[in-house]
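J.: Provided herewith is a single structure, encoded as structure tokens, for subsequent inquiry.
None of the figures in this text is laboratory data; all of them are computed from the coordinates on show. From a predicted model like this one, the values you see are computed outputs, not experimental measurements. Every residue, glycine among them, receives a Cβ derived from its backbone with ideal geometry; neighbour counts consider all protein chains shown.
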Amino acid sequence: MEEFVKLVTSKLDLIHSDVSELKSDVSGLKTDVSELKEGQEFIKKQVAENTESIAKLTSLTSRVSDLETDMKVVKKAIAK
């Protein structure tokens, strides 16, 4: 009977150790997930800023193109 109790106690100690290790692993995973979420938020903000910048650049490109066309027309008018 004592052998059985020792065996059960030994197995319970192993289970306790495994559970402690799992808790530690889960805690580490929670930290990793939290860091990933922070990174995801940063990327979302960066994408929004980039989208705004692209829209501004597209608008400026169009305006510059229009000004180039206007300059060509003015040059032709002056040349005549």
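J.: Distance between Cα centroids, region 43-63 to region 7-30: provide it in whole Å.
T.: Result: 51 Å between the Cα centres.
J.: Between Leu12 and Val33, what FRET efficiency follows from the Cβ-Cβ distance if R0 is 41 Å, with the result rounded to 0.05?
T.: Result of the calculation: an efficiency of 0.85.
J.: Relative to the longest principal axis of the chain, what angle (0 to 90°, nearest 10) does the C-alpha long axis of helix 2-79 take?
T.: Roughly 0 degrees, rounded to the nearest 10.
J.: Take Ala48 and Ile78, extend 7 Å from each Cα along the Cα→Cβ direction, and tell me the distance between the two endpoints in nm.
T.: 4.6 nm
J.: Okay, moving on. Given the Cα atoms of the chain, and with Rh set as the inverse mean 1/r over their pairs in the Kirkwood sense, what is Rg to Rh to two decimals?
T.: Values: Rg = 34.1 Å, Rh = 19.3 Å.
Looking at the chain, the ratio lands at 1.77.
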